[in-house]
1. State the antiparallel share, in %, of DSSP beta bridges confined to the chain, rounding to the nearest 5.
2. Could you tell me how many degrees, from 0 to 90 and to the nearest 10, lie between the Cα long axis of helix 126-139 and the main elongation axis, the longest principal axis, of the Cα atoms of the chain?
3. How big is the charge dipole of the chain about its Cα centre, in debye rounded to the nearest 20, if each Lys and Arg gets +1 on its Cβ and each Asp and Glu gets -1 on its Cβ?
4. I'd like the chymotrypsin sites (Phe, Trp or Tyr not before Pro) in region 283-382 restricted to DSSP loop residues with at most 12 other Cβ atoms within 10 Å, sorted by number.
5. Could you state the angle between the C-alpha long axis of helix 111-121 and the longest principal axis of the C-alpha atoms of the chain, as a value from 0 to 90 degrees rounded to the nearest 10?
6. Taking a spot 7 Å from the Cα of residue 374 along the direction of its beta carbon, which residues of region 300-319 have an amide N less than 17 Å from it?
7. For n ≥ 4 DSSP H runs only, could you compute -39500 (n - 2.57) per run for the chain, divide by its residues and tell me the 222 nm figure to the nearest 500?
8. For the chain, just the Cα atoms, rotate onto the principal axes and tell me the three extents in Å, largest first.
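None of the figures in this text is laboratory data; all of them are computed from the coordinates on show. Predicted, not measured: the structure shown is a model, and the values here were computed from it. Heads up, the Cβs are rebuilt from the backbone with ideal geometry, glycines too, and the neighbour counts pull from every protein chain shown.
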Amino acid sequence: MVKKPQLAIDTRPWRDPAAKPFVRIKNVTKKFGDIFAVSDVSLDIYKSELFCLLGGSGSGKSTLLRMLAGFEEPTSGTIEIDGQDMTHVAPYNRPVNMMFQSYALFPHMNVEQNIAYGLKRDGLPRAEIAERVRELLALVKLSDYGSRKPHQLSGGQRQRVALARALAKRPKLLLLDEPLGALDKKLREETQFELVKIQETLGVTFIVVTHDQEEAMSLATRIGVMNQGEIAMIGEPTDIYEFPNSKFVAGFIGSVNMVDGVVTEDEPAHVRIRSDELGCDIYVGHGVDCAPDQHLSWAIRPEKIMLSREKPEGIHDANVTRGMVEDIGYLGDMSVYQVLLPSGKRLRVTQTNVTRGNPDAITWDEEVYLSWGDSAGSVLTV
């Protein structure tokens, strides 16, 4: 008898309507004088998530984090953690710890003493403190560095000591404010994966504030994109990148080509958009909530556009245009092409460099065709 393969269980609680949120932010507003730093934000975060609040300067992400920590009180709204109302609870009475961007290590203490500081203040037995510190040093891969002072450590090592100290009291919720901001690019990329492994090992709920889109995409189970004190979109990294809900989100996350157009066909199974900027029609192979003659925007990522010297067959006499290669940026793993269209519009196209030293690669001042699939872009009405 052949057994049927078992379907994988979806462990993402945010996809389960019956799942109970671990952190629940309800209609939270924070005003400083007449300025709204956070405006009517509602957000559910689930146990063991690594949730990222992503936004530029002044978007409200750090203010929201400080309200979760208890360093700021909401002007209105409520904050619940693990089913308990924490809106007006003092920071030291919350099951929460916070790791700051500066790490804030005590320079006169060694690594072990820094990690043990909060445990000693709580009056834990010496043997229990020593065991907890040993466990955390092993977790952050610093077992041989316990006697060193912070100035004897690299930036990445100091970051891990700060993380171990924040985890020492076993908080239910750990808040991280730009945790990798002080590291150089290569070390930041390496540390991102270490941070994810540590979070998965412990199962502690992490909320990370960052302005770095790549960092959020690498770390997060879900991302909340913030803009002017509001949540612009919440979703898994693939949803945020591939299916943005607005021009702001599409433009904020990664690189994107945005063009304007007018709807000429609006059918349940497809939409056709006339774009003077592209010099061709855009055929979208699915229905869109729009109306004939509606002006809207269409966004496509640079890697979704194909370049060729020969004209490819278009889809329904659409989705193909031409232009001249104006500039090329070689980034090693990929090349970035800037293509000038007859309308004056410039499109950014990326191609992976799969062939080493390709002599047939498209080069400067070549006339090229640009084409894309009928589901390659996103139609944006806001």
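1. Details: 59 of 77 bridges.
Around 75 percent antiparallel, to the nearest 5.
2. Roughly 20 degrees, rounded to the nearest 10.
3. 2200 debye
4. Working: sites: 283, 298, 330, 337, 364, 369, 372; in loops: 364, 372.
Of the chymotrypsin sites (Phe, Trp or Tyr not before Pro), the ones in loops of region 283-382 whose Cβ has at most 12 other Cβ atoms within 10 Å are 364.
5. Once rounded, one gets 60 degrees.
6. Once the point is set 7 Å along Cα→Cβ of residue 374, 313-319 turn out to lie under 17 Å by backbone N, inside region 300-319.
7. -6500 deg cm²/dmol
8. 76, 68, 51
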